[in-house]
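In what follows, a structure is listed as structure tokens, so that the remarks can point back to it.
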Amino acid sequence: MSELLRLDRVTKTYRQRRREVTAVDDVSLTLGSEQIVCLVGESGSGKSTVGRIVTGLTDPTRGDVVYDGVRARELGRRGLRKRRLGVQLIQQDPYASLNPGLTVQEALVAPLRRHLRLPSAAARARANDLLADVGLTPDTFARKYPHELSGGQRQRVAIARSLTVEPRVLVADEAVSMLDVSIRVSVLQKLRGLCEDRQLAVLFITHDLAVASQFGRDHSIAVMQHGRIVEHRPTHELVSDPQHAYTRALLAAARHEGLRSGSTAEPPVVHLHRTDRSRREPAPDIKKKE
Amino acid sequence: MSPDDLVLDVRDLTVEYRGERTVRAVTELSVAIRRGETVALIGESGSGKTTAALAILGMLPDSAHVLGGGATVLTGTGPIDLIGLAPRELRVLRWRHIAYVPQGSINALNPVQRISRHFQQTAHAHGLAADEAQARAFELLEAVHLDAPRIWGSYPHELSGGTRQRVAIALAMLLRPAVIVLDEPTTALDVLTQEAVLRTLLDLQAQTGVSYLMITHDLAMAGAMADRIVTMVAGRAVEYGDSASVLADPRHSYTRGLLAAMPSLDGDDAMPPTSAVPSVAAITEAGMAGPLVDIATGRAAEPPLTGRIVREEAPA
């Protein structure tokens with residue numbers, strides 16, 4: 001493994017009505033080639049903001065992003081461009097992330113021509129290869145529009161598109177959470193195979209610990225709560241022997257412990273909070289119980 | 001099964017959407033629910049589970065047509081067939097005997113009305129006196145683990161997603177219906193909140209004996225919540241059985257595949273083969289018209305049931 005991208009004590013704060021909200025709090029993370037890091041947390045934990053910082057869509061308030069050995073703030077125009085292409089994002093909603101006016105082939109050919117400067121015949125051939133790589137027969141799919149595809153097919157196209165510019169780092173933000181369980185597996189499998197073949201570094205963001213443990217098998221999982229990484233360990237260790245109380249709570253919920261087992265655990269206290277749309281119901285404060 | 005215990009009896013329900021193309025969304029679906037019981041309808045998007053629920057509630061859109069079958073709610077005063085009732089009659093019956101917590105109900109509360117108003121309006125529409133309504137609402141809000149006096153005067157936007165979901169559940173319970181249809185009751189909620197809402201539902205059931213028809217794509221959740229599971233593929237029920245045995249020993253290839261596709265935290269966490277879940281097209285082509293067969297006897301069987309029934313598949 002060689003280091004491709006590193007977050008060095010990164011913090012991101014937002015201003016919200018004269019109040020400062022810390023979305024990401026002192027997070028350090030290293031992404032190396034052929035390495036998968038799964039980032040697990042609930043909504044509002046800051047995991048998507050970490051994804052946006054890694055892809056360069058958001059700059060951190062404090063701390064450094066180091067890409068290919070160079071601090072992001074010291075990257076020149078060419079360096080920034082390289083980073084933009086080198087780190088690609090696959091988003092949650094395949095219905096929103098593809099241009100509805102372009103056929104599948106057009107969507108793939110555009111970046112190949114613009115960024116790789118391929119002539120149009122070569123770009124079309126490469127686009128078809130990529131479609132075949134994600135398991136879509138070019139003859140059937142190249143001329144289709146997004147609305148003619150199922151959710152799983154669209155997400156495969158989105159994966160193919162992210163690979164057109166030959167990235168070295170891939171950020172997948174809830175990439176399968178909108179797909180049916182039966183389709184999820186094949187998309188995840190395809191994605192993992194492609195990442196291995198291309199020796200990519202992957203940041204796999206999900207709220208679902210079970211999916212993370214499957215996709216991040218033999219790699220690692222980082223658990224986020226309130227903007228911090230509370231535990232980051234090899235996948236099998238984290239699942240079989242969680243150290244942090246929050247990880248344990250997430251695992252218990254994922255296993256549906258406490259339902260039907262005649263659990264006497266008290267229901268968590270529900271808090272009312274003021275008009276604050278960016279936050280959901282806070283998780284019961286587990287630290288105190290420790 | 002004692003027929004006296006039945007609260008909802010759906011028989012051979014068939015629903016079709018007519019538009020540019022005619023689509024058969026539900027074909028000969030039969031489900032029976034007893035008092036205090038939870039039955040889960042599982043299936044993926046497009047399997048017809050929400051259409052079935054809407055048909056039972058008499059809430060189908062105009063493009064949908066019930067071609068056959070019925071859905072009966074068994075009340076203290078006699079059975080009521082919900083299908084084919086005029087909208088006005090339905091409105092009277094709906095919240096009183098069978099209530100609905102729709103998918104995404106955390107966004108279904110009226111943003112310009114306080115929570116109190118939601119309860120008052122529902123009570124008024126069904127002739128429940130205001131003071132009685134408030135007493136009941138407070139009781140229910142406490143039952144779903146909310147601080148009733150504080151919630152009462154709040155607007156929906158002041159509440160978190162999990163709290164709004166609990167309000168929607170309390171609202172569904174206001175007229176003490178026998179059955180609540182829960183459509184994906186925890187999607188859009190955080191993992192820990194999901195678990196708390198599910199536990200709330202179980203507590204409420206233990207206290208009141210209400211029955212749930214739960215619609216979900218989450219087999220693990222169905223296993224934790226439901227007494228019985230019905231697997232739907234392309235509008236048809238392909239497997240019926242009590243949850244424990246369906247999960248331990250799924251008999252239809254689709255249920256088996258779904259179970260294999262579920263990421264597990266504990267077993268061997270290798271990814272299952274891509275072909276784990278047979279495609280819906282493959283199943284329909286293989287002939288889903290086979291009879292429902294009792295697993296114990298191997299003979300053709302009729303739901304509703306207590307045993308295990310699976311739709312026979314044509315040999316591959």
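May I ask you to give the average projected area over all directions of the convex hull of the Cα atoms of the range A:48-109, in nm² rounded to one decimal?
Hull-based average projected area comes out at 5.5 nm².
Give the order of B:30, A:45 when sorted by the count of other beta carbons within 10 angstrom, beginning with the fewest.
On the way: B:30 20, A:45 26.
The most exposed by this proxy come first: B:30, A:45.
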(request) Would you mind giving the mean number of other chain beta-carbons within 10 Å of the Cβ of each residue in A:42-49, as a whole number? (result) 2
(message) Taking amide H atoms as placed 1.01 Å from N in the peptide plane, list the residues 5 or more away in sequence, or in a different chain, whose amide H sits under 5 Å from that of residue B:75.
(response) B:80
(message) With angles folded into 0 to 90 degrees, how steeply does helix A:104-116 sit against the dominant principal axis of chain A? Use alpha carbons for both and round to 10.
(response) 80 degrees
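So what are the range A:1-141's ellipsoid semi-axes, whole angstrom, largest first, if each one is the square root of 5 times an eigenvalue of the alpha-carbon gyration tensor? Intermediate results must be reported in sequence, preceding the final value.
Numbers: eigenvalues 212, 71, 46 Å².
Listed largest to smallest, the semi-axes of the range A:1-141 are 33, 19, 15 Å.
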(message) Using only Cα atoms and rounding to the nearest 10 degrees, what angle (0 to 90) does helix A:245-254 make with the longest principal axis of chain A?
(response) 70 degrees
(request) Name the residues whose placed amide hydrogens come within less than 5 Å of the amide hydrogen of residue B:26, ignoring near sequence neighbours (fewer than 5 apart) on the same chain. (result) B:15
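Given a cut-off of 28 Å, name the pairs among A:47/A:190; A:12/A:190; A:47/A:82; A:144/A:190 whose C-alpha atoms lie farther apart than that in the structure shown.
Pairs exceeding the cut-off: A:12/A:190.
Based on DSSP, what percent of beta bridges with both residues in the range B:143-263 are antiparallel, to the nearest 5?
Numbers: 6 of 11 bridges.
Taking every DSSP beta bridge within the range B:143-263, about 55 percent pair in antiparallel fashion.
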(message) So if a site counts as exposed when it's one of the trypsin sites (Lys or Arg not before Pro), its DSSP state isn't H, G, I, E or B, and it has at most 14 other Cβ atoms within 10 Å, what's the longest stretch of chain B without one?
(response) B:22-298
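For chain A, what is the relative contact order in percent, using Cα pairs closer than 8 Å and at least 6 residues apart in sequence?
Working: 497 pairs, mean separation 68.7, N = 290.
Value for chain A: 24 percent.
For the protein assembly as shown, take the alpha-carbon Rg, divide it by the Kirkwood Rh, and send me Rg/Rh. Could you put the intermediate results ahead of the total?
On the way: Rg = 25.6 Å, Rh = 26.1 Å.
Ratio of gyration radius to Kirkwood radius: 0.98.
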(request) On a 0 to 90° scale, report how tilted helix A:77-86 is relative to the longest principal axis of chain A, with both axes built from alpha carbons and the result rounded to the nearest 10. (result) 80 degrees
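Arrange B:157, B:97, B:126, A:147 by Cβ neighbour counts within 10 Å, fewest through most, would you?
Working: B:157 12, B:97 21, B:126 16, A:147 9.
Ranking B:157, B:97, B:126, A:147 by Cβ neighbours within 10 Å, fewest first, gives A:147, B:157, B:126, B:97.
Restricting to Cα pairs below 8 Å that are 6+ residues apart, what does the relative contact order work out to for chain B? Please round to a whole percent. Please report the intermediate quantities before stating the final value.
Details: 590 pairs, mean separation 65.3, N = 316.
Averaging sequence separation for qualifying contacts and normalising by length gives 21 percent for chain B.
Calculate the mean, over all residues of peptide B:76-87, of how many other protein chain Cβ atoms lie within 10 angstrom of the residue's Cβ.
Working: counts 0, 0, 0, 0, 0, 0, 0, 0, 0, 0, 0, 0.
Averaged over the peptide's residues, the number is 0.
In percent, how large is the relative contact order of the range B:1-88, given Cα pairs closer than 8 Å and 6 or more residues apart?
Working: 148 pairs, mean separation 30.7, N = 88.
Across the range B:1-88, relative contact order equals 35 percent.
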(message) If I build a Gaussian network model for chain B, linking alpha-carbon pairs within less than 10 angstrom, which residue out of B:245, B:116, B:279 has the largest mean-square fluctuation?
(response) B:279
(request) Can you put A:174, B:302 in order of Cβ neighbours within 10 angstrom, beginning with the fewest? (result) B:302, A:174
(message) Just to be sure I understand: with springs between alpha-carbon atoms less than 10 Å apart, which residue in B:44, B:158, B:239 has the highest mean-square fluctuation in the Gaussian network model of chain B?
(response) B:158
(message) Please compute, over every Cα-Cα pair in chain A, the percentage with a separation greater than 22 angstrom.
(response) 62 percent
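Please give the average number of partner chain Cβ atoms lying within 10 Å of the Cβ of each residue in A:247-254, rounded to a whole number.
Neighbouring Cβ atoms belonging to other protein chains average 4 per residue here.
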(request) Counting only DSSP beta bridges with both residues in the protein assembly as shown, tell me the antiparallel percent, nearest 5. (result) 60 percent
(request) Would you mind telling me which residue in B:182, B:141, B:192 has the biggest mean-square fluctuation in a Gaussian network model of chain B, where springs connect alpha carbons within a distance under 10 angstrom? (result) B:192
(request) Scan around residue A:220 for amide H atoms under 5 Å from its own, H built in the peptide plane at 1.01 Å from N, and keep only partners 5 or more places away or cross-chain. (result) A:36, A:38, A:235
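What does the charge add up to near residue A:62, with Lys and Arg as +1, Asp and Glu as -1, over the other residues with Cβ less than 11 Å from its Cβ? Can you show the working numbers first?
Details: positive: A:9, A:12; negative: A:8, A:25, A:26, A:59, A:64.
Here the count lands on -3.
Write down the percent of antiparallel bridges among all DSSP beta bridges whose residues are both part of chain B, to the nearest 5. Present the calculation step by step, with values, prior to reporting the outcome.
Working: 33 of 51 bridges.
For chain B, the DSSP antiparallel bridge percentage is about 65.
No value in this document is a laboratory result; all are computed from the given coordinates. Just so it is clear, the model here is predicted, and its values are computed rather than measured. Cβ atoms come from the backbone with ideal geometry, glycine included; neighbour counts cover every protein chain shown.
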